[in-house]
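> One structure coming up, written as structure tokens, with questions to follow.
The values are calculated or read from the model by the stated rules, or taken from the named source; none is laboratory data. In this text, all values refer to a predicted model and were calculated from it rather than measured experimentally. Positions of Cβ are generated from backbone atoms using ideal geometry, with glycine treated the same way; all protein chains shown enter the neighbour counts. Only protein heavy atoms, including side chains, enter the accessible area calculation; ligands, DNA and RNA are left aside. Shrake-Rupley method; radii C 1.70, N 1.55, O 1.52, S 1.80 Å.
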Amino acid sequence: VVARMLDVPVLALLGPLDECRTAGFLVAGDRPGHQRFSHALVRSAVAARLSASEQRRLHTAAADAIEALYEGQVRLHLAEIAHHQVEGSLPGDRARAVGACEAAADLASEALAFEEAVRLYRQALSVGEGEIGDSDRVRLELGLATALYRSGDLPASFETASQVGRRAERRGDRLLLARTALVMEATGEPEWDGEICRICEQALAGDDLPVDLRAGVSSRYAQVLVYRCEYDRAGGVS
């Protein structure tokens, strides 16, 4: 990766790497041929000697190098790419960084690494603040709400999804209300389940939802009604 970043042959780096190891700056990594800094302080000191523009240039070069070198296997390196894209991004040009964070978050969720997915979704929202469209923001927020729920942070999941639902209510956007309902899980908490009921009811109020989405929201509505012990209503909806 470093050779690709610097546009030099790999063998040209062996001498400098030996010097760094001898000086105690680098040690062998977990895999043969890999190197890492001997201490976080060494890494911080090296970074401190670089200007902000040089750091951004190198981070961008690192992301490009990883994508090129691991073409076809890039999913295994999405978190690294996201890190470098974020560090190399500039205001007004953060789309690649947001996309990299989202891709890494999606992969973390697939791998059941939900805490990591939460971190990456939040990073995508933070990096993209003021620069991403509403549809992208909603997709990230619903992904975050799902990851929060699966990581066990139910209050944060509920609040995140509720914020999306309240915006959808103000706009009368039944499609978004339906999408929100599907990431909100019933818990037996009266306030939460009441909120889910209201969102489901508003989503189902019109006849413009696709039939599969209507079925999904109806299922969620029936589930919440059971949690609220409203069995007759739940049976009818089901």
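> Leaving out ligands, DNA and RNA but keeping every protein chain, what accessible area does Tyr149 have, in Å² rounded to the nearest 10, with a 1.4 Å probe?
Its accessible surface works out to 80 Å², give or take rounding.
> Still on this structure, I have one more. Ignoring ligands, DNA and RNA, what accessible area per residue does the chain give at 1.4 Å, in Å²?
Computed with neighbouring chains in place, this is 57 Å² per residue.
> Right, something else. Could you tell me whether segment 112-220 comes out rounded, prolate or oblate from its Cα gyration tensor? Rule is a ≥ b ≥ c as square roots of the eigenvalues, rounded for a/c under 1.5, then prolate if a/b exceeds b/c, otherwise oblate.
It comes out oblate by the Cα gyration axes.
> Just check segment 75-155 against the gyration tensor rule for me: Cα atoms, a ≥ b ≥ c as the square roots of the eigenvalues, rounded for a/c under 1.5, and otherwise prolate or oblate depending on whether a/b exceeds b/c.
Oblate.
> Next question. What does the accessible area of Asp93 come to, in Å² to the nearest 10, when a probe of 1.4 Å is used?
110
> Okay, moving on. Within the chain, what whole-number % of the accessible surface is contributed by carbon and sulfur, with the 1.4 Å probe and all protein chains included in the calculation?
53
> Another one. State, as an integer percentage, the relative contact order of the chain based on alpha-carbon contacts under 8 Å between residues 6 or more apart.
About 9 percent, as a whole number.
> Right, something else. Given the C-alpha centroids of segment 151-174 and segment 22-64, what is the distance between them in whole angstrom?
40
> Answer rounded, prolate or oblate for segment 27-140, using the Cα gyration tensor with square roots of eigenvalues a ≥ b ≥ c: rounded when a/c is under 1.5, else prolate when a/b is larger than b/c, else oblate.
Since a/c reaches 1.5 but b/c is at least a/b, the shape of segment 27-140 is classed as oblate.
> Which value in nm describes the separation of the simple spin-label points at Arg170 and Ser219, placed 7 Å from the Cα toward the beta carbon?
3.2
> Sticking with this structure for a sec: For Arg96 paired with Ala156, estimate the spin-label separation in nm (one decimal), with each label point 7 Å from Cα along the Cα-to-Cβ line.
2.9
> Here's something else I'd like to know. Calculate, axis by axis, the spread of Cα positions in segment 4-46 along the three principal axes, and write the results as whole Å, longest axis first.
Reported extents, whole Å, longest axis first: 28, 22, 17.
> Which residue, Leu148, Leu78, Leu41, tops the fluctuation ranking in a GNM of the chain built on C-alpha contacts under 10 Å?
Answer for the Gaussian network model of the chain: Leu41.
> Could you estimate the translational diffusion coefficient of the chain from the Stokes-Einstein equation, with Rh from the Kirkwood formula over C-alpha pairs, at 37 °C and 0.692 mPa s, in whole µm²/s?
It comes out at roughly 158 µm²/s.
> What stretch of the chain, leaving out the sites themselves, is the longest with no GluC sites (Glu not before Pro) in a DSSP loop having at most 11 other Cβ atoms within 10 Å?
130-238
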